[in-house]
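Heads up: the structure comes next, in structure tokens.
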Amino acid sequence: MAHVISDECVSCGACVETCPVGAIAQGDAHYEIDADSCVDCGACESGCPTGAISAE
Ligand code: SF4
């Protein structure tokens, strides 16, 4: 299990600093969460202004 970022992401970057393990980075189309690093804490969900982050 890992959290995922949907197409609703507008690449604002607001979530990056909310992740305690540095799992979020800019991907090809929008920001992405590295599933191997994510510990499923949920800290990033409230940091997204478009609600693009959810549990997989
Ligand atoms: Fe980082 Fe936690 Fe979000 Fe996973 S759920 S990407 S560990 S802030």
> Charges only on Cβ, +1 for Lys and Arg, -1 for Asp and Glu: so what's the dipole of the chain about the Cα centre, in debye to the nearest 20?
Replying inline: 160
>> Tell me the per residue accessible area of the chain using a 1.4 Å probe; a whole number in Å² is fine.
In response: 60
> Taking a ≥ b ≥ c as the square roots of the eigenvalues of the Cα gyration tensor of the chain, is the shape rounded (a/c under 1.5), prolate (a/b larger than b/c) or oblate?
Replying inline: rounded
> Between A55 and A29, what is the spin-label point distance in nm, taking each point 7 Å from the Cα along the Cα→C-beta axis?
Replying inline: 2.5
>> I want to check the label-to-label distance for S37 and D7. Put each point 7 Å from Cα in the C-beta direction and report it in nm to one decimal.
In response: 2.6
>> With an 8 Å Cα cut-off and a minimum separation of 6 or more residues, compute the relative contact order for the chain in percent.
In response: 50
>> Tell me the carbon and sulfur percent of the accessible area for the chain, rounded to whole percent, probe radius 1.4 Å.
In response: 47
> In sequence order, what are the phi-derived ³J(HN,Hα) couplings for segment 42-51 according to the Karplus relation 6.51 cos²θ - 1.76 cosθ + 1.60 with θ = phi - 60°, rounded to whole Hz, with x for glycine and proline?
Replying inline: x, 4, 7, 3, 6, x, 9, x, 9, x
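The values are calculated or read from the model by the stated rules, or taken from the named source; none is laboratory data. What you see is a predicted model, and the numbers here were worked out from it, not measured in a lab. Every residue, glycine among them, receives a Cβ derived from its backbone with ideal geometry; neighbour counts consider all protein chains shown. Ligands, DNA and RNA are excluded from the accessible area calculation, which covers all protein heavy atoms including side chains. Shrake-Rupley method; radii C 1.70, N 1.55, O 1.52, S 1.80 Å.
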